[in-house]
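**Q** Got a structure for you, written out below as structure tokens; questions coming shortly.
What follows is calculated from the coordinates using simple rules that are stated; it is not laboratory data. These numbers were taken from a predicted model, which means no experiment stands behind them. Virtual Cβ from ideal backbone geometry, glycine too; neighbours counted across all protein chains shown.
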Amino acid sequence: MKILRVLLCSSLVSLSAFAADEAGFKALFNGRDLSGWEGRSDVFSVKDGLLHAETTAAAPLKKNTFLAYTAQQFGDFELRFDFRVVGGNSGMQYRSERLPEDVMKGYQSDFENQNRYTGMFFEENGRMFMAYPGEYVTVKPVGALTPEEAAKKNKPRARLDKVKFATTAEVFSHVKDPTDWHSMTIIARGNTFTHILDGRVMAVAIDEDATNFRRSGFLGVQVHSGPPMTVDLKNIRIRELK
């Protein structure tokens, strides 16, 4: 419990020394083309050296679509990238599987154009919302449902033991313009996952649900269905953790 208190208290402190350490990282995007990535060419492209995604009112997405990094799968790692979202919602998939029609299933760190969900711990096409920004969660198997749960249309997919370490306003207090460029770090080691936005811890999760826990998988960029949006990413780099 003492370790947890230290972690949660330090989450609102800038991690400048951490951000300065770039040893051992390799680039996943070359800034020229989408070598190593696969997805819809009508959504994803390279524009001005950026990994660019765009949807329009004339051709709205009927479902979420993904650009998967197919050159390698990753297990334990530290991933860093810069992003900018205008008009909608996106996210970075990790330890994910690829499904037909450019769909992915697995862990995600959400990012968007509002101070609402960015940094959330989510499982796309799985257990869904698990740790919102400002939460430390231990994910446990859902087990037997109570009669009340069994009667619900949306049945629980996991047991979530949560600690709220910051309010939404507190955890986003360092973000002045959510549509500007921001930096995201995802650390996945074993069954522990940490999402960091601009040097501040946003969410921490420990996945103790052995049936659904993912040890490795693909990375991918999500573009959400909904209103027209643009998503840009740069400086996408990763180092594997031993």
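**Q** With N denoting the number of residues in the range 91-145, provide Rg(C-alpha) divided by 2.2 N^0.38 Å, to two decimal places.
**A** In units of the globular-protein estimate, the range 91-145 measures up at 1.23.
**Q** Can I ask one more? Among Lys62, Lys155, rank each residue by its count of other Cβ atoms within 10 Å, from fewest to most, as a rough exposure measure.
**A** The most exposed by this proxy come first: Lys62, Lys155.
**Q** Counting C-alpha atoms alone, how compact is the chain: give Rg to one decimal and Dmax as a whole number, in angstrom.
**A** 17.5, 55
**Q** How high is the relative contact order of the chain, in percent, counting Cα pairs under 8 Å that sit 6 or more residues apart?
**A** 34 percent
**Q** Turning to a different aspect of this structure: Show me, bin by bin at 5 Å from 0, the whole-percent P(r) of the range 142-202 based on Cα pairs.
**A** In whole percents, the pair-distance histogram is 4, 12, 16, 16, 13, 13, 14, 8, 5, 0.
**Q** From the phi angles alone, apply the Karplus equation (6.51, -1.76, 1.60; θ = phi - 60°) to the range 51-63 and give each ³J(HN,Hα) in whole Hz, x where the residue is Gly or Pro.
**A** 3J(HN,Hα) across the range 51-63, in whole Hz: 6, 10, 10, 8, 10, 10, 5, 6, 9, x, 6, 7, 8.
**Q** Something else: Could you go through the range 169-180 in sequence order and give the Karplus-derived ³J(HN,Hα) for each residue, using 6.51 cos²θ - 1.76 cosθ + 1.60 with θ = phi - 60°, rounded to whole Hz, and x for Gly and Pro?
**A** After applying 6.51 cos²θ - 1.76 cosθ + 1.60, I find 4, 5, 5, 9, 5, 8, 9, 7, 9, x, 8, 7 Hz.
**Q** Sticking with this structure for a sec: With θ set to phi - 60° and the Karplus curve 6.51 cos²θ - 1.76 cosθ + 1.60, what are the ³J(HN,Hα) couplings of the range 127-139 in order, to the nearest whole Hz, using x for Gly and Pro?
**A** So the Karplus estimates, Gly and Pro as x, are 7, 6, 6, 10, 9, 7, x, x, 10, 10, 10, 10, 8 Hz.
**Q** A further question on this structure: Where Rh denotes the Kirkwood radius from the mean inverse Cα pair distance, what is Rg over Rh for the range 161-242?
**A** Radius of gyration relative to Kirkwood radius: 0.97.
**Q** Could I ask something else about it? Using the crude model of +1 on Lys and Arg Cβ and -1 on Asp and Glu Cβ, and no other charge, please compute the dipole size for the range 2-240 relative to its Cα centre, in debye to 20.
**A** Around 540 debye, computed over the range 2-240.
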